[in-house]
Amino acid sequence: MSARIKPELLAPAGSMESLKAAVNNGCDAVYLGGKLFSARQYAGNFSLEELEEACDYCHLRGVKIYVTVNILYKDKELKEFIDFIGKLYKIGVDALIVQDTGGAKLIREFYPDFPLHASTQMTANSLGDVRYWESLGFSKIVLSRELSLEEIGEITAQCEAEIETFVHGALCVSYSGQCIMSSILGGRSGNRGRCAQTCRLPYTLYKGADKLQEGYLLSPKDIQTVTILPQLIEAGIASFKIEGRMKNPEYVAGVTGIYRKYIDLYFENPEQYEVSSEDMKTLTQLFNRGGFSEGYYTSAGGKDMMSIERPKTWGLKIGFVDNFNPQHKRVTIRTREPLVPGDGIEIWTSNGPHVGTNISRPSRAGEVISLTMVGDIQKNNVVYRTYDKSLNDTLRKTWEKDTRKRSVWGLLKAQKGQPLALQLWDMDGSSVYVTGDIVEKAEERPTAPEKLKQQTEKLGATPFVLESLELEVDSDVFVNIRSLNQLRRNAVESLEAAILKKSKRQNPQEEKKEVKEKKKFLLQKSLHALVTDFLQLEAIVRTKGLQVIYYEVSTDMEGNLDAALELCRRFGVSLYAALPKISRQWRKDIEDTAVERLKNSDIDGFLVRSAGQFDMVKSSGKKITMDYTLNVMNEEGVAFWKQQGVDEVCLSVEANLQEINTMGDRTCEMVVYGYLPLMKTQQCPIGNYVGGKQGHFFCSEKNQTELYFLRDRKGMKFPLMTDCERCVCTVLNSKPLFTLKFYDEILESVTGSVRLDFTKEGPGRAAKVMKAYAEMTQNPNKISAETRNLLEEMKEKGNTKGHFFRGVE
C-alpha cells in the first residue's frame with residue numbers, strides 16, 4: 001500500500017445535524033448508528049427513515065456512509081438484527097462496522113456483497129489479526145488505539161485490507177473489546193453499547209496499606225494528531241477516524257474542518273506543513289481533558305497521557321484570578337483571550353466545586369475584567385472558557401446552509417422545431433437527458449444564449465454545482481424561461497434519482513433461514529482450570545476429576561514447562577498453553593518464536609485469545625480452545641469458530657444462564673470461578689504513578705510481589721496484575737465469581753465444560769477452591785465439611801454471581 005495515498009476523513013454523526021456538520025466541513029465518509037445494535041446507545045442515533053435520509057443526503061454529495069452495528073448480539077435478537085441489516089442493504093449503506101463474529105457470519109450468508117469493516121472492538125493488535133480478518137472478507141480493519149506508528153507502518157506495508165485508526169477524540173483506557181468493567185460493576189455492557197464510563201470515576205492507588213496516588217487515575221486525555229498528520233499519512237493509514245458520536249454538532253464541524261484543512265495542506269505542499277496556534281486553540285476549546293496527547297502513536301503511555309484532575313472537558317485557559325473580594329462578591333480576572341457576551345467561564349478553585357458564570361460584556365485579550373461571583377476563589381486560580389459563543393455561532397453557519405456540492409457538467413440544446421433538452425452528468429458516470437417544450441422561432445427578440453446559460457446554472461438549493469455548460473442554441477429561437485426552469489428542475493430530480501439508484505440494492509434472496517431454538521440436555525461436565533504460575537498448577541494438578549489445565553504463557557511457564565508436563569502426565573491432566581491476552585506487533589518476533597516452540601512441544605493444546613493467534617496454531621495438530629476474550633455471545637458465533645476449526649469455545653462471561661443454554665453445546669466452556677479481569681490496559685497505574693513510566697514500554701516497578709490495588713469511592717478494592725514483558729496491566733474485579741451456591745443450575749446447563757480461573761490466589765487457596773468444585777462437579781448432592789466451610793467463608797468475605805442471573809442490557 002502506498003504511503004502517500006490521500007486518507008479518507010471519517011467523521012462521527014450522532015444526529016442529522018451532526019451529519020450535516022460533518023459533510024459540509026469536508027468529510028469523505030460518516031459513521032453513525034441506528035436506534036438498534038449500535039455501540040453508542042446513548043447517542044441520538046437514527047431511525048430507519050432517518051438512516052435512508054442520511055444515505056441519500058450523503059450519496060448526493062459524494063460522501064460514503066458506514067453504519068455501526070458493532071455490539072454483541074443475543075440469540076433472541078438475531079432475527080431482528082438480520083432483518084435490520086437487510087433494510088440497511090436496500091437503502092444503500094456503503095459498509096457495516098461489525099464486532100460480533102456471529103453477526104458477521106449471518107451477514108456473509110445473507111448479503112455476501114455487503115462490505116464489512118472490523119470494529120476496533122475486535123481488538124486487532126497485530127499483522128496476524130489483520131490478515132485473519134482480511135482473509136474472511138473484511139475490507140477495512142480498525143486497529144486498536146494502542147498501536148504505535150511503527151507497528152501501524154509494518155501492518156499497512158504487509159496487508160491488502162485498508163487500515164483505519166482513530167486520530168482525534170476520546171481515548172478508552174482499556175483495549176477496546178476487552179473491558180467488562182461497566183458490565184460487571186453496573187450491568188451496562190460496553191460490548192452492548194451501554195458503557196457507563198466507570199473508568200472516568202475517581203480511584204486511589206494503594207500498595208498494601210500505603211496510599212500512593214489519588215484522582216481520576218484511569219481517565220486518559222483526548223488525543224489530537226493534527227500535529228503529526230504527515231507521519232500518519234506516511235504510515236499508510238487509509239482512513240482517519242474522528243471519535244465523537246455523542247459530541248455536539250459544533251464539535252463535529254470544528255474538528256472535521258480542521259482535519260480536512262491539514263490533510264489537504266499536506267498533499268498540496270508537505271514541506272510547508274505547519275499547524276497554526278489558532279487551530280490548536282479551536283480544538284482545545286471544542287473539547288479537551290487537560291490538553292491533548294498524541295495517543296500511542298508516539299508514546300507507550302504514561303501519566304502525561306492521563307487527566308487525573310478532572311475527567312470532563314476543561315475548556316480553553318483564558319486567564320487568572322487577580323483578586324477576589326468575598327464581602328462584595330467581586331472577582332477581577334487578568335484575561336489573555338477576548339471574551340464576548342454569551343461566553344461561559346469557570347474558575348478552578350482549590351477546594352470544593354469549581355464556580356462558573358456567563359459573560360455579559362465584551363473584552364479584549366489582556367484586559368482585566370470584574371465579575372460578580374461566589375465561591376472559594378483565590379488569587380491566581382486558573383480561569384477557563386467553557387463555552388465560546390463566537391466559535392459556536394461561526395461553526396453553526398457552516399451547516400445551516402448546505403455548501404457541500406457535487407460537481408456536474410451540462411449540455412443545453414435549444415434548436416428550432418426540437419424539444420428543449422438538457423443533459424447533466426457527473427464524474428461517477430451518472431447521466432440524464434431530459435426534454436421539454438418544442439423550441440419555437442423567435443418572432444421578435446430571440447432569447448440570448450447568455451440568458452439561457454444564466455438560468456440553467458441556477459442550482460443553488462440543489463446538491464449540485466454546474467462546473468461548465470455547453471450550449472447548442474440556434475441564434476433565432478425563443479425559449480420560455482418558465483419552461484427552462486421546469487426543465488432544469490426535472491433534470492436535477494432525474495440526476496438525483498440516477499445517482500441514488502446506483503447505491504440502492506435489491507435483496508439477493510427472499511427466503512432466509514430462521515434461528516432455531518436449541519434443545520437443552522444434561523451433561524457430565526469436564527473440569528478445567530486456568531493457572532497463572534507453576535505453584536498454582538502444582539497445587540491443583542492432583543485434583544480428582546480435573547481434565548485440562550491452561551497455563552499462562554510467561555517466563556514462569558518457560559522455566560517450568562517440563563515439570564508441568566511431567567506432573568500433568570502423571571495425573572492424567574491435559575496441559576494447554578494459554579497464549580497472551582494481548583499480542584502486539586512490536587513483540588511479533590518474540591511471540592512467534594515462543595508459539596513455534598510450543599507447537600513443537602508435548603503440550604496438548606492452546607487457549608487462544610485473538611484471531612491472529614488462532615491463525616498461527618490452527619494447523620498445529622493440537623487442540624484449540626477459543627477464550628471468552630473473542631466475545632462469543634450467540635450460537636452463530638459458536639458455529640463460526642467451529643467452522644474455522646476451533647475445538648472448544650469459552651462463552652462470553654457477560655451471558656446469563658438462559659443465554660448460555662441457548663447458544664452453547666457440548667463443545668462450549670464457561671467460567672464458573674475467578675477474579676474476572678475488568679479491563680486490560682497499557683496505562684498501568686503502577687508504572688504511571690510509581691514506576692516512572694514516561695512514554696516507553698518499561699517502568700522501574702517490574703515483577704512486583706506486593707499487591708497493588710485501586711480503591712473506588714465505595715471502598716471496593718480492585719487488584720492489579722501486571723505483565724511487564726508486554727506492558728499490559730489487568731484490573732481484576734474486587735470480588736471473585738463464585739458459583740457453588742447455585743452449582744446445580746450450572747451442572748444442568750448445556751455446556752460441556754466448566755472452568756476455574758486462578759490469578760492472585762496462592763497455591764493453598766487454589767487447591768481448596770479446586771477441590772470444592774471437583775467434589776460438586778462429581779456429586780453435587782454430597783457436600784464435604786471442607787466445602788461447606790468454603791461456602792460459609794465466601795459468603796462472609798463476599799463474592800459475585802457474575803452475570804449468570806442478571807445478564808447485561
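The values are calculated or read from the model by the stated rules, or taken from the named source; none is laboratory data. Small disclaimer: the values here were computed from a predicted structure and weren't measured. Please note: Cβ atoms are built from the backbone with ideal geometry, for glycine as well, and neighbour counts cover all protein chains shown. Just the protein is used for accessible areas: all its heavy atoms, side chains included, with ligands, DNA and RNA removed. Shrake-Rupley method; radii C 1.70, N 1.55, O 1.52, S 1.80 Å.
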Among (1) modelled with pLDDT of 95 or more; (2) under 25 Å from the mean Cα position of the chain (by Cα), Ala564 falls short only on (2)
Please state which of the following conditions His803 fails to meet, knowing it meets all the rest: (1) touching a helix residue (DSSP H, G or I) at 6+ places or on another chain (Cβ under 8 Å); (2) under 30 Å from Ile582 (Cα atoms); (3) loosely packed, with under 15 Cβ neighbours inside 10 Å. (3)
Here is a check on your reading of the model: is Glu467 closer than 27 Å to Asp402 by Cα, of a type in the set (D, E, K, R) and assigned to a strand (DSSP E or B)? yes
Residues (open to solvent by 20 Å² or more (accessible area, probe 1.4 Å) and not in a helix (DSSP H, G or I)) located in region 75-111: Asp94
Here the residues within region 178-236 that are hydroxyl-bearing (Ser, Thr, Tyr), open to solvent by less than 40 Å² (accessible area, probe 1.4 Å) and farther than 22 Å from Gly715 by Cβ are Ser189, Thr225
Selected residue (criterion: farthest from Ala118 (Cα to Cα)) from residues of region 591-608 that are touching a helix residue (DSSP H, G or I) at 6+ places or on another chain (Cβ under 6 Å) and surrounded by 23 or more Cβ atoms within 10 Å (Cβ to Cβ): Phe606
Run down Ser350, Ser360, Ser299 and say which single residue is of a type in the set (Ser, Thr, Tyr), within 34 Å of the chain's Cα centre (by Cα) and either open to solvent by 50 Å² or more (accessible area, probe 1.4 Å) or closer than 30 Å to Ser174 by Cα (or both). Ser299
Among residues belonging to region 309-348 that are of a type in the set (D, E, K, R) and in a strand (DSSP E or B), point out the one that is farthest from Arg385 (Cα to Cα). Arg330
Looking at Pro353, Pro338, Pro362, which one is modelled with pLDDT under 95 and either under 19 Å from Gly315 (Cα atoms) or basic (Lys, Arg) (or both)? Pro353
Failed condition for Thr759, given (1) under 30 Å from Leu218 (Cα atoms); (2) part of a helix (DSSP H, G or I); (3) of a type in the set (Val, Ile, Thr), with all others met? (2)
In the set Thr739, Thr759, which member is among the polar types (S, T, N, Q) and touching a Leu at 6+ places or on another chain (Cβ under 8 Å)? Thr759
(1) modelled with pLDDT of 95 or more; (2) open to solvent by 60 Å² or more (accessible area, probe 1.4 Å); (3) within 17 Å of Arg482 (Cβ to Cβ); (4) of a type outside the set (Phe, Trp, Tyr): which one isn't true of Glu440, the others all being true? (1)
Evaluation of Gly137 against (1) crowded, with 20+ Cβ neighbours inside 10 Å; (2) on the phi > 0 side of the Ramachandran plot (one fails), failing number: (1)
Among (1) crowded, with 17+ Cβ neighbours inside 10 Å; (2) in a loop (DSSP other than H, G, I, E, B), Arg505 falls short only on (1)
Looking at this structure, is Val649 assigned to a strand (DSSP E or B), under 25 Å from Lys622 (Cα atoms) and not small (Gly, Ala, Ser)? yes
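To keep it simple, each residue is scored yes or no on (1) polar (S, T, N, Q); (2) within 16 Å of the chain's Cα centre (by Cα); (3) modelled with pLDDT under 95.
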{"residue": "Leu106", "(1), (2), (3)": "no, no, no"}
{"residue": "Pro115", "(1), (2), (3)": "no, no, no"}
{"residue": "Leu127", "(1), (2), (3)": "no, no, no"}
{"residue": "Gly137", "(1), (2), (3)": "no, no, no"}
{"residue": "Leu143", "(1), (2), (3)": "no, yes, no"}
{"residue": "Glu146", "(1), (2), (3)": "no, yes, no"}
{"residue": "Cys159", "(1), (2), (3)": "no, no, no"}
{"residue": "Glu162", "(1), (2), (3)": "no, no, no"}
{"residue": "Gly190", "(1), (2), (3)": "no, yes, yes"}
Please indicate, with yes or no, whether at least one residue in region 698-714 is open to solvent by 10 Å² or more (accessible area, probe 1.4 Å), modelled with pLDDT of 95 or more and either over 25 Å from Cys684 (Cα atoms) or of a type in the set (Gly, Ala, Ser) (or both). no
Filter region 649-683 down to the residues that are buried (at least 21 other Cβ atoms within 10 Å of the Cβ), charged (D, E, K, R) and in contact with a Phe, Trp or Tyr (Cβ under 9 Å, 6 or more places away or on another chain) and list them by number. Glu654, Glu669, Lys680
Ile377 vs. criteria closer than 25 Å to Glu250 by Cα and aliphatic (A, V, I, L, M): no
Residues within region 192-235 that are over 22 Å from Ile686 (Cα atoms), in a loop (DSSP other than H, G, I, E, B) and either of a type in the set (Val, Ile, Thr) or more than 16 Å from the chain's Cα centre (by Cα) (or both), tallied: 2
When only residues in region 567-590 that are farther than 15 Å from Ile540 by Cβ and open to solvent by less than 50 Å² (accessible area, probe 1.4 Å) count, which is farthest from the chain's Cα centre (by Cα)? Ala577
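What do you reckon, is Gly291 touching a Gly at 6+ places or on another chain (Cβ under 9 Å) and of a type outside the set (D, E, K, R)?
On the way: touching a Gly at 6+ places or on another chain (Cβ under 9 Å): no; of a type outside the set (D, E, K, R): yes.
Here the answer is no, as Gly291 does not meet what is asked.
Every residue, every condition in (1) open to solvent by 40 Å² or more (accessible area, probe 1.4 Å); (2) more than 29 Å from the chain's Cα centre (by Cα); (3) without any contact (Cβ under 8 Å) to a residue 60 or more places away in the chain, yes or no:
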residue	(1), (2), (3)
Phe267	yes, no, no
Thr282	no, no, no
Gly291	no, no, no
Met305	no, no, no
Ile308	yes, no, no
Ile318	no, yes, no
Val321	no, yes, no
Arg330	yes, yes, yes
